[in-house]
1. Looking only at region 91-101, how many residues end up being part of a loop (DSSP other than H, G, I, E, B) and without any contact (Cβ under 8 Å) to a residue 40 or more places away in the chain?
2. Name every residue in region 74-90 that is modelled with pLDDT of 65 or more and surrounded by 17 or more Cβ atoms within 10 Å (Cβ to Cβ), in order of residue number.
3. Any idea how many residues of region 123-152 are surrounded by fewer than 18 Cβ atoms within 10 Å (Cβ to Cβ) and among the acidic types (Asp, Glu)?
4. Under 8 Å between Cβ atoms, which residue pairs at least 6 apart in sequence (or on different chains) link something in region 57-69 that is of a type outside the set (Ser, Thr, Tyr) with a partner that is at pLDDT below 75 and surrounded by 10 or more Cβ atoms within 10 Å (Cβ to Cβ)?
5. Residue 32 versus (1) at pLDDT 70 or above; (2) in a loop (DSSP other than H, G, I, E, B); (3) surrounded by fewer than 11 Cβ atoms within 10 Å (Cβ to Cβ): which is the lone unmet condition?
6. Determine if region 118-131 includes at least one residue that is touching a Ser or Thr at 6+ places or on another chain (Cβ under 9 Å), in the same structural domain as residue 155 (by TED's automatic domain parsing), more than 17 Å from residue 157 (Cα to Cα) and assigned to a strand (DSSP E or B).
7. Can residue 169 be described as at pLDDT 90 or above and within 29 Å of residue 62 (Cβ to Cβ)?
8. State which residue pairs qualify: first residue farther than 20 Å from residue 68 by Cβ and inside region 102-122, second residue among the acidic types (Asp, Glu) in any location, beta carbons under 9 Å apart, and separation of 6 or more residues or different chains.
Amino acid sequence: MKDVHKQKIAWALLGNKNGSGNKKDKIFKNCMECHKQFSVHPYRVNSSKYCSRKCTRNSQEISLERRQKMSLSMRGKNTKFGDGISVTPLRISIRGLMQYKIWRTHVFQRDEYCCQECKDSKGGNLNADHIIPFSTILQIYKIKTIEEALACEFLWDIRNGRTLCVPCHRKTPTYAGRGLSRTKQHG
């Protein structure tokens, strides 16, 4: 079969009866998100799945459980190194977890995105600070893996968090590990 015949058959299957390839011809599909009918150009029939950007965004929302699984899959033995040895220090890996980001957001929301020392509320200038230092919690609970960190309820307790602006956070006695035993710190 010649290419011209294949093209005419393809256009006929797509709803263009004369095989002319006229771009004004449209095909109707059902949105995979809201199930409304919408029209597409024949050349987009295989790639168009949603009727609007809103439906596209809604379909891409990922559940918290799925985000956590994705976060964990990028660590340890599942990394591109494949040897089971994480090249990232534990404290940095924990801070990269979805659970940590959720804890941080909950602390900010509770404190209404406002520094608890000077009442600054500039966006991008705020930190979530552990009142009992993060590294101390890792030491006390003997946390050596991400799984142990996820299981430690105290690490994720928002009562042990507060919102501080960067200048106020730098003034704390334990900022960036100051005043803590460096030999015992993880990572």
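The values are calculated or read from the model by the stated rules, or taken from the named source; none is laboratory data. Everything quoted here is computed from the prediction, not taken from an experiment. Using ideal geometry, Cβ is built from the backbone for each residue, glycine included, and neighbour counts are taken over all protein chains shown.
1. Residues that pass the stated criteria total 1.
2. Result: 90, single match.
3. Total satisfying the criteria: 2.
4. Pairs found: 62/70.
5. That leaves (3) as the condition not met.
6. Yes, the conditions are met somewhere in region 118-131.
7. no
8. The qualifying pairs are 114/120; 116/129; 121/112.
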